[in-house]
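Reading through the structure tokens given below for one structure.
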């Protein structure tokens, strides 16, 4: 129960990995505020958490809108009694093309705006509440695609996820004196939703080729990304800030 009495805000929390993180935080005692751009996903996510006995509220928010983000973060702090943890999980390649000749300026804007600007807006809105609480923890989402070249995603995604690392380090330096820690997680390929279908549709040869690039020779369970996020959000990592935690089975190993 590492989060008893604490309030956690999770963006992209209506489904997939974000919802799994929110549920894990709630099961360890946190009151949870979900943010998602989809009203349907948000409603479904809140129903799932509430059915599990987790105190959860939330709002439909496009994280690209700084005013909407601030309004939601302020509402979370007011209704749940402060803010201690931000998990900025909203992002991804957002269905944009991988190949250079297929990428439009609108694709680039979407990926950069949701991943980098969205994370920035959520962090900036959260910091005053964490200062008021005497400290807190922010977990940002990079990716193996921002740490090394990936055959799966395009240049906008790689640029955005690499940019998250710079954002994380600079923000950690700025808010460290306030007792606020800022760390990034960089997951490898986690099979949620559409990616699971793509992996299952591959030939056995292609699946083996993917697995051969991973030293642990297996795909991860969702919990194997959730648990590292909770570690970074909790007091177990109380002297860690400005760091990136690679969670990819050894597919990328930092020097």
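The values are calculated or read from the model by the stated rules, or taken from the named source; none is laboratory data. Everything quoted here is computed from the prediction, not taken from an experiment. Using ideal geometry, Cβ is built from the backbone for each residue, glycine included, and neighbour counts are taken over all protein chains shown.
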Just one listed residue, out of 169, 131, 173, is touching a helix residue (DSSP H, G or I) at 6+ places or on another chain (Cβ under 8 Å) and either touching a residue at least 24 places away in the same chain (Cβ under 8 Å) or under 21 Å from residue 77 (Cβ atoms) (or both), and it is 131
Exactly one of 145, 163 is surrounded by 17 or more Cβ atoms within 10 Å (Cβ to Cβ), modelled with pLDDT of 95 or more, under 18 Å from the mean Cα position of the chain (by Cα) and not in a strand (DSSP E or B), and that one is 163
With criteria (1) surrounded by fewer than 22 Cβ atoms within 10 Å (Cβ to Cβ); (2) over 21 Å from residue 117 (Cα atoms), residue 65 comes up short on (2)
Flagged pairs (Cβ under 7 angstrom, 6 or more apart or on separate chains; first in the range 214-229, free of Cβ contacts under 8 Å to residues at least 40 places away in the same chain; second part of a helix (DSSP H, G or I)) are 217/211; 218/211
If we keep only residues of the range 15-51 that are at pLDDT 95 or above and part of a loop (DSSP other than H, G, I, E, B), then the residue nearest to residue 138 (Cα to Cα) is 30
Filter the range 166-197 for residues that are at pLDDT 85 or above and assigned to a loop (DSSP other than H, G, I, E, B); the one that is surrounded by the most Cβ atoms within 10 Å (Cβ to Cβ) is 188
Counting only residues in the range 118-142 that are within 14 Å of the chain's Cα centre (by Cα) and not in a helix (DSSP H, G or I), the one farthest from residue 25 (Cα to Cα) is identified as 142
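Residue-by-condition table, conditions (1) within 24 Å of residue 182 (Cβ to Cβ); (2) in contact with a strand residue (DSSP E or B) (Cβ under 8 Å, 6 or more places away or on another chain); (3) buried (at least 22 other Cβ atoms within 10 Å of the Cβ):
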site	(1), (2), (3)
29	yes, no, no
33	yes, yes, yes
47	no, no, no
51	no, no, no
80	yes, yes, no
95	no, no, no
A careful count of residues in the range 198-213 that are assigned to a helix (DSSP H, G or I), within 15 Å of residue 151 (Cα to Cα) and modelled with pLDDT of 80 or more gives 2
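To keep it simple, each residue is scored yes or no on (1) surrounded by fewer than 23 Cβ atoms within 10 Å (Cβ to Cβ); (2) in contact (Cβ under 8 Å) with a residue 24 or more places away in the chain; (3) part of a helix (DSSP H, G or I).
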site: 74; (1), (2), (3): yes, yes, yes
site: 77; (1), (2), (3): yes, yes, yes
site: 98; (1), (2), (3): yes, yes, no
site: 106; (1), (2), (3): yes, no, yes
site: 116; (1), (2), (3): yes, yes, yes
Among (1) modelled with pLDDT of 95 or more; (2) over 29 Å from residue 27 (Cβ atoms), residue 236 falls short only on (2)
